[in-house]
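> Below you'll find the structure I mean.
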Amino acid sequence: MTRKIAFTLLVTFIAAAAAPSALADAAAGKDLFIKTNCNSCHGMEGAGDGPLAAVLNPPPRKFTVGDFKFDADGDGTTGTDGDLLLVIKNGAQAYGGNPMMAPNPALDDDQIELIISFVRSVKQ
């Protein structure tokens, strides 16, 4: 077996082994997304079509598009996992966004990372 083939097989194996964990994280994140009422605005599948979305100005983010506004961690890039963690934890108003996106201080970083896994999983 050549090195190139061996390397390709190794990369494929690692990716396949990681996939179930990512799916489990996204599923657990969706549960938290619903339990913390994120779906009220962002919708059950993150499409920005929750029952309250029609009355919000600006409208809630559509995670299915994957377009994020804030550089909450100040690293020069919007929509990183660090940005999402801070916006979920501190609320969007802390970064110039809609005050209806309330802070979630009761969630720990691990829980927020699960929600981020779900948010990332719905991008089409």
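The values are calculated or read from the model by the stated rules, or taken from the named source; none is laboratory data. Because the structure is a prediction, the values reported are computed rather than measured. Virtual Cβ from ideal backbone geometry, glycine too; neighbours counted across all protein chains shown.
> Output the residues belonging to the range 79-105 that are without any contact (Cβ under 8 Å) to a residue 12 or more places away in the chain and either in contact with a strand residue (DSSP E or B) (Cβ under 6 Å, 6 or more places away or on another chain) or more than 18 Å from G46 (Cα to Cα) (or both). Full working, then the answer.
Of the residues in the range 79-105, the ones without any contact (Cβ under 8 Å) to a residue 12 or more places away in the chain are 80, 82, 93, 99, 102.
Residues satisfying the conditions are G82, Q93, P99.
> Please state which of the following conditions D25 fails to meet, knowing it meets all the rest: (1) acidic (D, E); (2) surrounded by 14 or more Cβ atoms within 10 Å (Cβ to Cβ); (3) modelled with pLDDT of 95 or more.
(3)
> May I pose another question? Name the residues in the range 26-78 that are among the β-branched types (V, I, T), within 22 Å of D109 (Cα to Cα) and touching a residue at least 40 places away in the same chain (Cβ under 8 Å), would you?
T36
> Within the range 104-120, how many residues are modelled with pLDDT of 95 or more and crowded, with 16+ Cβ neighbours inside 10 Å?
So the count comes out to 11.
> Scan the range 29-44 residue by residue and report those that are farther than 12 Å from S121 by Cα and within 12 Å of the chain's Cα centre (by Cα).
Of everything in the range 29-44, those that are farther than 12 Å from S121 by Cα and within 12 Å of the chain's Cα centre (by Cα) turn out to be L32, F33, C38, H42.
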